[in-house]
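Each remark here refers to the structure printed beneath this line.
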Amino acid sequence: DAGVIQSPRHEVTEMGQEVTLRCKPISGHDYLFWYRQTMMRGLELLIYFNNNVPIDDSGMPEDRFSAKMPNASFSTLKIQPSEPRDSAVYFCASSGTEGNIQYFGAGTRLSVL
Amino acid sequence: QQPVQSPQAVILREGEDAVINCSSSKALYSVHWYRQKHGEAPVFLMILLKGGEQKGHEKISASFNEKKQQSSLYLTASQLSYSGTYFCGTAFKTSYDKVIFGPGTSLSVIP
């Protein structure tokens, strides 16, 4: 398997623009997690899905953030409008039958100018 | 609810040992350990599910004291490749599929 695939790897945008991050989990995994990593706040869980259904979105910072999982092989994290404080590395991870072992994608480095 | 990790950072010479601690204020279901090298994604090391359980991965092992809500990661005879940031992640009995990561411990192994 190719592992968890995230795109784009790098995104540079201007404040106020819409940003969409994409994730393809490992085939057969039924959990998908979105994390944000910054020096100040560490690795924060934003939202996670089980069988395409959002289970806990309590980590989503505000209404500007939204996440969807329309099917088992694709998820998006959208920020609209983006702000400079959203600059971070966003990771997607998936897990399946191995007792909650999470496999992380390579991450998307977002810079909002 | 974020677990507490100590120390924040540690520098070792090759061959030395280190211990990284993780503690929680809430009753734990499981403890997860991950390592992240600079510019890369976190990579799974091990998961501990039962009280007092110990697991090993190469020369890295861990223990989980369910009663004290603590876990420790032991790195013996450290190698240069062990350098990175180590995260413990905790899952609680009320939501065992949700892992909250600690702030991380930066470990640097020097020749």
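Could we say that A:Leu21 is touching a Ser or Thr at 6+ places or on another chain (Cβ under 8 Å), within 12 Å of chain B (Cβ to nearest Cβ) and part of a strand (DSSP E or B) here? Answer is no for this residue. Can we say A:Tyr48 is in contact with a Lys or Arg (Cβ under 6 Å, 6 or more places away or on another chain), within 12 Å of chain B (Cβ to nearest Cβ) and closer than 25 Å to B:Ser30 by Cβ? Spelling it out, it is not the case that A:Tyr48 is in contact with a Lys or Arg (Cβ under 6 Å, 6 or more places away or on another chain), within 12 Å of chain B (Cβ to nearest Cβ) and closer than 25 Å to B:Ser30 by Cβ.
Could you tell me which residue of the stretch B:15-49 is surrounded by the fewest Cβ atoms within 10 Å (Cβ to Cβ), considering only residues that are among the hydrophobic types (A, V, I, L, M, F, W, C) and more than 12 Å from chain A (Cβ to nearest Cβ)? Break it down into steps so the answer makes sense when it comes.
If we filter the stretch B:15-49 for residues that are among the hydrophobic types (A, V, I, L, M, F, W, C), which is where we start, we get B:18-20, B:22, B:27-28, B:31, B:33, B:41, B:43-49.
Among the residues that remain, those that are also more than 12 Å from chain A (Cβ to nearest Cβ) are: B:18-20, B:22, B:27-28.
Values: B:Ala18: 19, B:Val19: 15, B:Ile20: 23, B:Cys22: 27, B:Ala27: 11, B:Leu28: 24.
Top of the filtered list is B:Ala27.
The numbered conditions (1) over 24 Å from B:Pro3 (Cα atoms); (2) at pLDDT 95 or above are all true for A:Trp34 except (1). Filtering the stretch A:3-18 to residues that are more than 14 Å from A:Val89 (Cβ to Cβ), open to solvent by 40 Å² or more (accessible area, probe 1.4 Å) and not in a strand (DSSP E or B) leaves A:Glu14, A:Met15, A:Gln17, A:Glu18. With a requirement of 1 or more residues that are closer than 16 Å to B:Tyr96 by Cα and open to solvent by 20 Å² or more (accessible area, probe 1.4 Å), the strands (runs of 3 or more DSSP E) lying completely within the stretch A:30-104 that satisfy it span A:31-38, A:42-50, A:53-56. Of the residues making up the stretch B:67-96, those that are surrounded by 17 or more Cβ atoms within 10 Å (Cβ to Cβ), within 14 Å of another protein chain (Cβ to nearest Cβ) and either under 9 Å from the mean Cα position of the chain (by Cα) or free of Cβ contacts under 8 Å to residues at least 12 places away in the same chain (or both) are B:Tyr86, B:Phe87, B:Cys88, B:Gly89. Against the list (1) open to solvent by 40 Å² or more (accessible area, probe 1.4 Å); (2) facing chain A (nearest Cβ under 9 Å); (3) within 13 Å of B:Val31 (Cα to Cα), the condition B:Pro103 fails is (3). So, B:Gln5, is that one within 13 Å of another protein chain (Cβ to nearest Cβ) and in a strand (DSSP E or B) or not? Yes: the conditions hold for B:Gln5.
Tell me the residue from A:Asp1, A:Asp56 that is at pLDDT below 95, out of contact with any Lys or Arg (no Cβ under 8 Å at 6 or more places or on another chain) and of a type in the set (D, E, K, R), please. Break it down into steps so the answer makes sense when it comes.
Values: A:Asp56 fails: out of contact with any Lys or Arg (no Cβ under 8 Å at 6 or more places or on another chain).
Checking each option against the conditions leaves just A:Asp1.
The values are calculated or read from the model by the stated rules, or taken from the named source; none is laboratory data. Small disclaimer: the values here were computed from a predicted structure and weren't measured. When we count neighbours, we look across all protein chains shown, and the Cβ atoms used for this are built from the backbone with ideal geometry, even at glycine. To get the accessible areas, we keep the full protein, side chains included, count just its heavy atoms, and leave off ligands, DNA and RNA. Shrake-Rupley method; radii C 1.70, N 1.55, O 1.52, S 1.80 Å.
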